[in-house]
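Enquirer: First, the structure itself, so that you have it in front of you.
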Amino acid sequence: MTSQTIDLNATPNEIREFNTPNEPAEPTKKHLGEAPRAFHPLGFKALSHVGKQLMVRVFTVLFYGLSALLVISGVFHFSTEVMTGERSFMSTTVNLVNSLIIGLAMFELGAGISKEYTESDQEENVFTNIRRTITRFLGTVCIALVLESLIMIIKYSQLDLAGNLMYPVAILGGASVLLISLGGFLALTRGHTQ
């Protein structure tokens, strides 16, 4: 079989002529072991790779943009509320920390998507990539949950709402279960990364 190049701007008739075999239509012993030619010179794999890279860029920009908006919005609301003095400094600070934590989680998600899906699939072991991505993302989620529950505990203690403390305790319990599950996942997949 000779290697041929084809113009990517070729018409459908030219592509059909390219894919038409020049040899007899009856299969012979020589042709039985050969793989059939792809319909398009780039093939569907190349087209799916282009689509995948496009979606990776869209989601990366989306998550980075949301992260930046949350940080800018949190700082703006913090500065305006401190200047006007509408709310107490502590509740304003708690709202700023909430916005920054969610912004950090969005940024980490965008960074994980950008790093994991833009690299070549054959550069590293797929199990190593999955372990690294899941560990980074769940670590960020656990930190966000623990900080959120601590902020809720501080807020409820200032407002004398001790009856509502079961909610932050439930969040802490959920974060603990998530962290234990992550440890189990890492222990069970340790042998696949070598």
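Enquirer: At R0 = 22 Å, how high is the FRET efficiency between PHE127 and SER181 if r is their beta carbon distance? Nearest 0.05 is fine.
Expert: Efficiency, from the Cβ-Cβ distance: 0.80.
Enquirer: If we restrict to alpha carbons, what Rg and Dmax does region 63-105 come to, in Å?
Expert: Reported Rg and Dmax, both Å: 10.5, 32.
Just so you know, all these numbers are worked out from the coordinates, no wet-lab data involved. In this text, all values refer to a predicted model and were calculated from it rather than measured experimentally. Neighbour counts run over all protein chains shown; Cβ positions are idealised from the backbone, glycine included.
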